[in-house]
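Input: a single structure, listed below in structure tokens.
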Amino acid sequence: MENRWAETVADPLDECVYGSRLLGADPDLVLHGGGNTSVKVTVDDITGAPVKVLYVKGSGWDLASIERPGFAPLRLNRSLELLQLPELTDSAMMNELRCALLDAKAPDPSVETLLHAFLPHKAVLHSHADAVIALSNVDKPVVREVFGDKVVVIPYVMPGFQLARRAAELFPELVTDNTIGMVLMNHGLFTFGETTKEAYDRHIELVSLAEEHLGGYEPRGAAAPFVPAVAIAELRAEISDAVGGPVIVSRTTTPAVMSFVARDDLADVATRGPATPDHVIRTKRLPLIGRVVSDYLAAYRAYFEEHAKPGLTMLDPAPRVLLDADLGMLTVGKRAKDADIARDIYLHTIKIIEQASRIGSYQALPAQDLFDVEYWELEQAKLRLGGSPPEFAGEVALVTGAASGIGKACADALRAKGASVIGLDLTASESSADYLGLQVDVTDAEAMESAIQQGVERFGGIDIVVPSAGVFPGSVPIAELDPAAWRRTMAVNTDAVAALFTLVHPLLKVSPRGGRVVVISSKNVPAPGPGAAAYSASKAAVTQLARVAALEWAADHIRVNMVHPDAVFDTGLWTRELLEQRASHYGMPIGEYKRRNLLGVEVTSTAVGRLVAELCSETFACTTGAQVPVDGGNERVV
């Protein structure tokens with residue numbers, strides 16, 4: 001492993017911040033908020049008295065981006081006093097640590113604070129290094145063989161007060177002059193030193209020794225076969241039903257995944273448990289092998305009944321990871337970022353299993369130990385920190401014309417309500433965790449089918465469709481119509497929507513909450529204007545198409561509504577030249593033309609986007625086939 005330390009930092013806490021970021025930036029060491037770090041210093045309190053302080057990573061902070069405020073300052077002596085207690089519940093421990101803070105505004109200290117406190121070194125780093133975990137997760141662990149007396153080895157104890165107390169008891173008995181680290185079996189690595197740099201150097205040294213023992217990791221898997229989008233969407237619907245609401249399901253088919261799912265012993269090796277117990281909160285104890293969700297649900301209920309204490313409420317029994325020879329890996333989350341976390345964790349689990357299998361037989365912790373962590377009060381509290389999910393959490397919207405104007409406003413409004421969005425546009429747009437931007441021409445049937453396939457593989461299905469892509473060919477009287485412009489307008493504004501409807505209907509039909517479509521039509525449908533024959537005709541045609549869809553699809557619990565915007569001037573349809581033409585036609589200045597409605601307001605893309613999102617909400621659960629104007633009021637429409 002490469003040592004990437006490149007700076008000299010004088011202040012101990014700033015040095016800890018720097019070292020923490022190096023640790024957090026390497027996914028082979030730390031994933032998604034895992035790991036923790038600390039530094040011990042002496043400061044003067046408000047009275048001027050010197051106080052020994054432990055700065056430890058605060059809960060909710062990610063090591064990769066942590067800053068000084070992300071470290072919780074605790075009175076070190078008070079922390080050490082807690083370790084003298086024979087018993088202490090983890091909730092009580094966290095309360096006591098909170099009370100030991102020097103700053104009431106500081107984040108909650110890490111649950112592993114006491115492990116940092118008792119170690120007699122100024123700087124401490126803790127990671128879940130893949131290579132170290134692989135050494136411990138075998139039937140005959142080789143941690144001592146690889147590290148010798150460089151590390152103290154602590155047998156597995158569930159994280160929390162009891163682990164800290166047990167480690168504090170064993171460490172003084174086992175430490176030698178050569179000790180530079182501590183390995184918590186099935187958990188991770190601690191290193192320490194007089195400075196964070198020294199602790200970091202030792203971390204890299206020990207991880208490198210582990211990697212050398214395991215050898216390289218270069219997976220070579222076959223190409224993933226094609227799996228129809230509807231097959232993925234149907235699986236998502238079944239999993240969503242088990243969860244109790246819509247979820248994101250994301251497909252991964254990297255060489256590492258395809259090689260792993262092709263193993264003859266997949267059903268055995270993949271069902272031995274996670275690499276570390278804290279992963280169980282994101283991936284559950286076991287993945288689903290194959291596609292029979294009902295079998296997994298029954299097995300999870302049996303697992304709960306076997307290990308639960310009276311009064312404990314079962315979590316939803318749905319899998320978070322699915323492994324299949326054709327699908328590769330599907331990961332599940334209530335939001336895209338949750339599915340991505342499960343993906344990242346299990347990709348590293350695959351690596352650990354493969355590497356551990358080279359030196360022995362991969363072995364995880366017993367089911368009871370994993371159950372105790374899955375239902376540990378402090379772990380469940382992490383999941384509750386996010387509060388109530390947004391209205392469209394777990395749902396997927398497809399928006400055409402999503403890179404600008406009304407389409408972008410619709411995509412933004414849907415994302416603000418928690419939806420993941422597949423954004424299609426001629427112009428490329430940047431993707432993120434909850435947004436997949438694809439550059440595609442809506443009139444290219446083959447490209448559209450491919451884009452929908454990509455979107456479903458990314459998010460699992462489609463629940464909401466907003467056809468927003470459109471063209472306005474310019475103001476031309478009928479006597480001067482250009483046949484090519486007419487055909488192009490109809491192709492984009494009408495034909496492409498009809499083709500899209502054909503592609504998405506099977507997906508909307510299996511939407512967990514019922515499919516929703518909102519077509520961006522136009523005021524020109526009820527009140528066409530001169531010079532806009534092609535545009536008006538195309539929008540009238542797509543409105544009729546949507547009305548027929550509302551009739552045909554109601555039995556499939558798909559509702560189809562339309563909005564009729566007018567004079568939305570912050571879109572690509574309205575060039576300066578076109579604005580001048582239309583204002584001149586009505587004999588008024590541009591500013592007045594923009595507000596030529598009964599309310600005297602300027603209609604914006606954002607206003608249209610908010611209305612579209614609301615039409616997709618439960619507020620309009622009993623509405624289909626509606627045509628809603630968003631035009632500030634128009635005498636010809638009213």
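The values are calculated or read from the model by the stated rules, or taken from the named source; none is laboratory data. Predicted model, so just to flag it, every value in this text is computed and none were measured. Note that each Cβ is placed from the backbone with ideal geometry, even for glycine, and that neighbours are counted across all protein chains shown. For accessibility, only protein heavy atoms count, side chains too; no ligands or nucleic acids. Shrake-Rupley method; radii C 1.70, N 1.55, O 1.52, S 1.80 Å.
Between segment 271-330 and segment 331-351, the C-alpha centres lie 14 angstrom from each other.
Seen against the Cα atoms of the chain and their longest principal axis, helix 293-307 is set at about 30 degrees.
Hey, what's segment 1-151 come to in accessible area per residue, 1.4 Å probe, Å²?
Details: 6590 Å² over 151 residues.
Here the per-residue accessible area is 44 Å².
For segment 1-85, applying the loop criterion from DSSP together with a ceiling of 16 other beta carbons within 10 Å to the trypsin sites (Lys or Arg not before Pro) yields ARG4. The sum of -39500 (n - 2.57) across all DSSP H runs of n ≥ 4, divided by the residue count of the chain, sets its helix-only mean residue ellipticity at 222 nm to -12500 deg cm²/dmol. Label-to-label distance for SER432 and ARG272 is 4.1 nm, based on points extended 7 Å past Cα in the beta-carbon direction. The protection proxy used here, the mean number of other Cβ atoms lying within 10 Å of each residue, ranks peptides 291-299, 478-486, 122-130 as follows, highest first: 122-130, 291-299, 478-486. For segment 552-630 versus segment 515-536, the inter-centroid distance based on Cα atoms is 9 Å.
A simple charge model with +1 on the Cβ of Lys and Arg, -1 on the Cβ of Asp and Glu and nothing else charged puts the dipole of segment 510-638 at about 80 debye relative to its Cα centre. Remark on VAL152: its backbone amide H falls under 5 Å from those of GLY181, MET182, VAL183, a criterion applied only to residues 5 or more positions apart or on other chains, H modelled at 1.01 Å from N. Ordering ALA364, ALA527, VAL542 by Cα displacement along the dipole of the chain toward the positive end leaves ALA527 in first place; charges were set at the Cβ atoms of Lys, Arg (+1) and Asp, Glu (-1). Length available on full extension from MET158 to ASP444: 0.36 nm per residue minus the Cα-Cα distance, which gives 97.4 nm.
Couplings 3J(HN,Hα) of segment 253-259, computed from phi: 9, 5, x, 4, 5, 5, 5 Hz, in residue order, whole Hz [Karplus 6.51 cos²θ - 1.76 cosθ + 1.60, θ = phi - 60°; x for Gly and Pro]. Within the accessible area of the chain, what % is carbon and sulfur when the probe is 1.4 Å and the other protein chains stay in place? Carbon and sulfur: 52 percent of the exposed surface of the chain. Per residue, segment 502-627 exposes 44 Å² of solvent-accessible protein surface, assessed with a 1.4 angstrom probe and all protein chains in place.
One chain, two ends: VAL292 and ALA555. Fully extended at 0.36 nm per residue, the span grows by 92.0 nm beyond their Cα-Cα distance.
Per-residue counts of other Cβ atoms within 10 Å, averaged by peptide: what ranking do you get for 308-315, 627-634, 10-17, highest first?
Working: 308-315: 9.4, 627-634: 19.1, 10-17: 17.4.
Answer by packing, highest mean first, reads 627-634, 10-17, 308-315.
A Förster distance of 45 Å, applied to the separation of the beta-carbon atoms of GLN84 and ALA416, puts the FRET efficiency at 0.35. For the pair segment 102-133 / segment 421-485, the C-alpha centres are spaced 49 Å from each other. The long axis of helix 496-508 is offset from the longest Cα principal axis of the chain by roughly 40 degrees.
With a 1.4 Å probe and every protein chain left in place, work out the accessible area per residue of segment 198-286 in Å², rounded to a whole number. Write down the numbers at each step before the final one.
Values: 3460 Å² over 89 residues.
For segment 198-286, the per-residue accessible area is 39 Å².
Residues within the reach of a label modelled at ARG358 (point 7 angstrom out along Cα to beta-carbon, backbone nitrogen below 17 Å), restricted to segment 13-30, are 28-29. If one takes the longest principal axis of the Cα atoms in the chain, at what angle in degrees, from 0 to 90 and to the nearest 10, does the Cα axis of helix 445-459 lie? Tilt of helix 445-459: around 30 degrees.
The chymotrypsin sites (Phe, Trp or Tyr not before Pro) found in segment 507-594 that occupy coil by DSSP, while having at most 14 further C-beta atoms within 10 Å, are TYR586.
Output the relative contact order of the chain, whole-number percent, from Cα pairs under 8 angstrom with separation of 6+ residues. If you can, show how the numbers build up before the last one.
On the way: 1211 pairs, mean separation 65.7, N = 638.
Once divided by the residue count of the chain, the mean separation gives 10 percent.
Between LYS337 and ARG636, what FRET efficiency comes out of the Förster formula 1/(1 + (r/R0)^6) with R0 = 35 Å and r the beta carbon distance, rounded to 0.05? Show your work: numbers first, answer last.
Details: r = 47 Å, r/R0 = 1.33.
It comes out at approximately 0.15.
For the pair GLN627 and ASP264, label points projected 7 Å from Cα toward Cβ lie 6.7 nm apart.
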